[in-house]
Amino acid sequence: MTYAKHSTIYLKDYTAPAYLIDKVALDISIHAGFAQVTARLEVRRNPAAGSSAAAPLVLNGEELTLERIAIDGAVLASDAYTYADERLTIAAVPQSFVLETCVHIEPDKNTQLSGLYRSADGYFTQCEAEGFRRITFYPDRPDVMAKFVCTVRADKTQFPVLLANGNPIAQGEEEGGRHWATWEDPFAKPAYLFACVAAKLDMLEDHYITRSGRRVRCAVYVEPGKLDQCAHAMAAIKKSMKWDEDVFGLEMDLDHYMIVAVGDFNMGAMENKGLNIFNTKYVLARPDTATDTDYQNIDRVVAHEYFHNWTGNRVTCRDWFQLSLKEGLTVFRDQQFGMDVHSAGVTRIQEVRGLRAAQFPEDAGPMAHPIRPASYAEINNFYTATVYEKGAEIIRMIHTLIGAQAFRRGMDLYFQRHDGQAVTCEDFVAAMQDASGMDLTQFKRWYNQAGTPKLVVSSRYDSASKRYTLGVEQVFPATAYEDRMANDGLPQARGPYHLPLVVSLLNEQGQELPLRLVGESAAQGTQRTLQLREARQEFVFEDIASQPVPSLLRGFSAPVVLDYPYSEQELTHLMAFDADAVNRWEAGQRLACSILLRGVEIIQKASNDEWIPAGYVEAIRHLLASAFVPGGDPALVAEALQLPSETYLGEQMEVIDPDAIHAARLALRQHLARALRQPLEEAYHNLACAEAYSPEGEQAGKRALRNACLGYLAELDAKDAEEMVSSHFEQAGNMTDTMAALSAIANLDVPARHVILDSFYAKWKHEALVVDKWLQVQATSRLPHTTADVSALMGHEAFDIRNPNKVYSLVRAFCGANPKHFHAADGSGYRLAANVMLQLDPLNPQVASRIARCFDRWKKFDATRQAHAREQLERVYHQAGLSSDLSEVLGKALGY
Ligand code: TRP
Ligand code: ZN
């Protein structure tokens, strides 16, 4: 069928489902080349659906071949229903009845990886957001919640493991060497949480005793032979279960909690009830195959999916516009978990960096949307940094505004009111408001307004009255979202946000001053959460003995751009003394940013590095030394040594000049390496670790700093760099160190480059996730032949365009993390991306669409680059039969 569903769906058009499903019995029988799915649905008219006239029953269905359809046992005549435009419509149905359908599907041909599909070791499902309709006819929307029983049948030798949601209740064998298993999920759920698996897998098993004493079987299923890479994921499951009990009082509610790892998967992982399906990337880890960051990501993704069991599954979304209800909240929860089990400061810094790298540009680009958009064409395009990461910031602000205790009461109330329901973002905010007593009406603007607000802060110190005044103005940039809404006749009002601005004031010694606001009788601590509600506000502090340096937006208390005229001296002061880890880091970033942007301007005229101030080099020298004093934190220093990314710097410019940005950043790195060679070398040697590998704690922090030093030292002249990096590579005892060497050598035009890349590939070519790393370092190399290398690698045996991880590691890394080459002035990077999109769209539109997003900021470049980008965007956009995924993203990019 070539039907394209390119129409826009609006939140305002939401209506309750006309029919509800109480029970579903599925029978999925997998054969060579096809599967037969029988569904028995217990349907009844929805009493809350408004219209009393008998509405037709409309079910979703995509790429299904209908073999049989019956109501209450009677087969329907062919004129009693229609199946067109991906909808099955039955005009006349009773008040309540049993609908039986039998369909034929072809999972082996399912390259979209949505619905039931084949991967190397068997058959897997992915139903969020709208994949269940690719398995059987169903009202595939999250506000229809039913109890599921599922029988899976397949060949016993080829697919010995048969799984579905809930508890196993029966199993057996049938003719032809086949077997079957029946699973029953005691909880009603929306179809997007359905999962089943038929595969050949190894299993690691353990158990967890909940605090009320129930025994939960925990299992991790992986490709045969990979059991030695499962221990960390299993530990992460148990840590997550304990944490959710301790922090939120939430227990696991099933007897079985299973994770299945699959190598072909569009996203990170999926929270299907009791049967999470994971990208192998977030399960498999061994010290020699996974980096410290991989280990941390596994913790976070396992926690995320586990936490969804309450925030997503027990309480789910009424419709897909409410996606942030479960995603923002669950990301917030996995972030809190990350801060508790790893370093709070480092974790938060990484989140802020990530938000500004991905979400701020999204807000400033053609796909801008609030965390709850008012419309979409393709829901898969809205699993975005805005819905996830900004969504988490919105929850974090509620937490900051009402405090941890009220937030916990709000969560309790939310579950008390809505357990087992499909609800809206309003319902969540209402629970928080009722539990805290704080009026959150104005706060809800965060759900409806797109764009990153700017806080323009000014300060005034009056030595006579000893008063210090902070003035704060909220400024809203125009967004593409408002334009789109206005075109749709849904103009968006804009108003000031309610947000927490956490501040402290530092004196010359770097100490925090006691803070007493005008009208208060005594100082209340040295850090205050100021509540902003108005477009302009002033805060006056009393008894301030001398001009302080303000530490503003501590902990990144709101997702805004902070505009305050810091001097370089003040930034150096904060960099040295601010007790808030985020702001200490941020001061260094601001300093580096202003130096680099000055450098960009100078480089655009002439090439020299006289723009690098000696004071900055000294600040970095002190920063490095601070890792070695008692109480020093190498992990935090490693973060602070990372200069702002090329992409972030580009966002700060009117017109992005990727070549000058690259040159300035490289010049600063080389300058620091030369000026600080001795302390960098000393640090590198002092931080060597002799202990047995552990991905966590002090050891990982030291490794991060040591590898950051190596990165700088690799910027020295090529001969020295080659020697140093080669010896690091040879001595590496874990993948973290190996990758530090590999990414450094990938940037060097030296003989050892090929030797190291080749030996790495030869050693790891059978370990898919390690091959991904090999592709990625080559895709992000700064060497001049990188674009040609990426094209060539697409033809390498290691590459497979059908595998999302491969596409993400090679193509998306190139387009998203190599601005110098992707935005090459001759248009070669854009052409490469467009070719990939054209090839990928018919196979896997979700993945094609993620490549398309790399063009979001094309209008921020010069006219030559824009012309090249437009040509490629148009070329793809006008391709016949384009998916709704690509047509939405490209159409918005082109302004259609
Ligand atoms: N709900 C999943 C998560 O956040 C996201 C997800 C997994 C997804 N697979 C998907 C979303 C496929 C869209 C399509 O954990
Ligand atoms: Zn999620």
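The values are calculated or read from the model by the stated rules, or taken from the named source; none is laboratory data. All values reported here derive from a predicted model rather than from experimental measurement. Backbone-built Cβ (ideal geometry, glycine too); neighbour counts: all protein chains shown. Surface areas here come from the heavy atoms of the whole protein model, side chains and all, with no ligands, DNA or RNA. Shrake-Rupley method; radii C 1.70, N 1.55, O 1.52, S 1.80 Å.
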Here, helices (runs of 4 or more DSSP H) confined to the stretch 358-434 with at least 1 residues that are crowded, with 20+ Cβ neighbours inside 10 Å, more than 16 Å from ligand 1 (Cβ to nearest atom) and free of Cβ contacts under 8 Å to residues at least 60 places away in the same chain are 391-402, 404-418
Any residue that is charged (D, E, K, R) and within 14 Å of ligand 1 (Cβ to nearest atom) - is there at least one of those in the stretch 336-352? no
Give me the strands (runs of 3 or more DSSP E) completely within the stretch 498-557, filtered to those with at least 1 residues that are open to solvent by 50 Å² or more (accessible area, probe 1.4 Å) and touching a residue at least 40 places away in the same chain (Cβ under 8 Å), ordered by residue number. 527-532, 536-542
Specify which of the listed residues (LEU515, LEU571, LEU499) is at pLDDT 95 or above, within 30 Å of ILE371 (Cα to Cα) and either of a type in the set (Phe, Trp, Tyr) or out of contact with any His (no Cβ under 8 Å at 6 or more places or on another chain) (or both). LEU499
Can you find a residue in the stretch 473-482 that is within 29 Å of ALA545 (Cα to Cα) and more than 27 Å from the chain's Cα centre (by Cα)? yes
Listed by first then second residue, the pairs whose first member lies in the stretch 480-497 and is under 14 Å from MET367 (Cβ atoms), whose partner is open to solvent by 30 Å² or more (accessible area, probe 1.4 Å) and not in a helix (DSSP H, G or I), with beta carbons under 6 Å and at least 6 positions apart or on separate chains, are GLU482/GLN492; MET485/GLN492
Taking only pairs six or more apart or across chains, which ones have beta-carbon atoms under 7 Å, a first residue in the stretch 66-79 that is closer than 19 Å to ILE105 by Cβ, and a second residue that is of a type in the set (Phe, Trp, Tyr)? LEU66/TYR83; ILE69/TYR81
Do we have ALA478 as in contact with an Asp or Glu (Cβ under 8 Å, 6 or more places away or on another chain), open to solvent by 30 Å² or more (accessible area, probe 1.4 Å) and of a type in the set (A, V, I, L, M) here? no
Which listed residue is among the aliphatic types (A, V, I, L, M) and either modelled with pLDDT under 95 or within 18 Å of GLY249 (Cα to Cα) (or both), from ALA358, ALA303, ALA374, ALA364: ALA303
Inside the stretch 792-838, can you point out the residues that are among the aliphatic types (A, V, I, L, M) and free of Cβ contacts under 8 Å to residues at least 12 places away in the same chain? ALA792
Residues of the stretch 831-860 being farther than 24 Å from GLY115 by Cα and open to solvent by less than 10 Å² (accessible area, probe 1.4 Å), in sequence order, are ALA833, ALA834, PHE855, TRP858
Among the numbered conditions (1) touching a helix residue (DSSP H, G or I) at 6+ places or on another chain (Cβ under 6 Å); (2) over 30 Å from SER607 (Cα atoms); (3) part of a helix (DSSP H, G or I), tell me where ASP758 comes up short. (1)
Exactly one of TYR447, TYR414 is more than 16 Å from ligand 2 (Cβ to nearest atom) and touching a Phe, Trp or Tyr at 6+ places or on another chain (Cβ under 7 Å), and that residue is TYR414
Can you confirm whether ARG141 is touching a residue at least 24 places away in the same chain (Cβ under 8 Å) and under 28 Å from the mean Cα position of the chain (by Cα)? yes
Got a sec? Which of LEU574, LEU636, LEU649 is without any contact (Cβ under 8 Å) to a residue 60 or more places away in the chain and either more than 26 Å from ARG782 (Cβ to Cβ) or out of contact with any Pro (no Cβ under 9 Å at 6 or more places or on another chain) (or both)? LEU649
Are any of the residues in the stretch 305-315 on the phi > 0 side of the Ramachandran plot and either among the charged types (D, E, K, R) or within 13 Å of ligand 1 (Cβ to nearest atom) (or both)? yes
SER781 being hydroxyl-bearing (Ser, Thr, Tyr) and buried (at least 21 other Cβ atoms within 10 Å of the Cβ): yes
Is the stretch 549-558 home to any residue that is more than 25 Å from MET367 (Cα to Cα), charged (D, E, K, R) and in contact with a Leu (Cβ under 7 Å, 6 or more places away or on another chain)? no
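The rows are residues; the columns are (1) within 14 Å of ASP292 (Cβ to Cβ); (2) in contact (Cβ under 8 Å) with a residue 24 or more places away in the chain; (3) buried (at least 22 other Cβ atoms within 10 Å of the Cβ).
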| residue | (1), (2), (3) |
| --- | --- |
| HIS671 | no, yes, no |
| ALA675 | no, yes, no |
| PRO679 | no, yes, no |
| HIS685 | no, no, no |
| CYS689 | yes, no, no |
| SER694 | yes, no, no |
| GLN699 | yes, no, no |
| ARG703 | yes, yes, yes |
| ASN707 | yes, yes, yes |
Which residue out of VAL220, VAL216, VAL152 is over 31 Å from the mean Cα position of the chain (by Cα), open to solvent by less than 40 Å² (accessible area, probe 1.4 Å) and touching a residue at least 24 places away in the same chain (Cβ under 8 Å)? VAL152
Given the condition open to solvent by 10 Å² or more (accessible area, probe 1.4 Å), in a helix (DSSP H, G or I) and at pLDDT below 95, answer yes or no: does some residue in the stretch 447-469 qualify? no
Wholly within the stretch 784-891, helices (runs of 4 or more DSSP H) carrying at least 2 residues that are in contact with a helix residue (DSSP H, G or I) (Cβ under 8 Å, 6 or more places away or on another chain) and farther than 18 Å from PRO361 by Cα: 786-793, 804-807, 828-840, 845-852, 863-877
Residue among ALA893, ALA848, ALA852 that alone is in contact with a Pro (Cβ under 8 Å, 6 or more places away or on another chain), among the aliphatic types (A, V, I, L, M) and in contact (Cβ under 8 Å) with a residue 12 or more places away in the chain: ALA893
Within the stretch 68-82, the residues that are open to solvent by 70 Å² or more (accessible area, probe 1.4 Å) and either in contact with a Ser or Thr (Cβ under 8 Å, 6 or more places away or on another chain) or at pLDDT below 95 (or both) are ARG68, THR82
